[in-house]
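S.K.: Quick one: the structure is below, questions incoming.
FYI, it's all coordinate maths here, none of it is from the lab. Just so we're clear, the structure is a prediction, and the values are computed from it rather than from any experiment. Here the Cβ positions follow ideal geometry from the backbone for every residue, glycine too, while neighbour counts run over all protein chains shown.
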Amino acid sequence: MENLISVVVPVYNAQLYLPECLDSIINQSYKHLEIILVNDGSTDDSLDICNQYAQKDKRVTVINQQNKGVVLARKQGIKNCLLYTSPSP
């Protein structure tokens with residue numbers, strides 16, 4: 001069995017580039033992916049685009065949050081990875 005690869009995509013007002021980005025990820029030859037889209041408070045149609053892709057492809061998960069910045073968006077995506085385990089204290 002192939003290893004699951006998690007792809008975390010922070011999204012902020014990216015409606016012009018988002019479909020090309022997501023099509024590129026989805027159409028990779030490696031198919032054992034989970035694609036986590038973290039909408040970081042976009043004010044354009046980015047969230048709608050993310051939701052459309054999630055409806056078309058079961059590998060896509062959408063997280064919607066208030067704008068917190070790209071670093072916290074990435075961290076939120078990592079926290080939601082299927083195989084994520086917390087580091088030991």
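S.K.: Sorted by average packing, counted as other Cβ atoms within 10 angstrom per residue and highest first, what order do 71-80, 46-55 take?
M.R.: Averaged packing, sorted descending, gives the order 46-55, 71-80.
S.K.: Between E34 and residues 5 or more places away or on another chain, which pairs have amide H atoms under 5 Å apart, with H built 1.01 Å from N, and which residues are they?
M.R.: I5, S6, V7
S.K.: While we're on this one: So what are the three principal axis dimensions of the chain from its Cα atoms, in whole Å, longest to shortest?
M.R.: Rounded to whole Å, the extents work out to 37, 35, 17 Å.
S.K.: Hey, which lysines would be in cross-link range of K79, C-alpha to C-alpha under 21 Å, not counting anything within fewer than 8 residues on its own chain?
M.R.: Within reach: K58, K68.
S.K.: Cα-based Rg of the range 1-48 per 2.2 N^0.38 Å, rounded to two decimals?
M.R.: Compactness ratio reported: 1.25.
S.K.: Leaving out same-chain residues fewer than 8 places away, which lysines sit with a Cα under 18 Å from that of K56?
M.R.: K31
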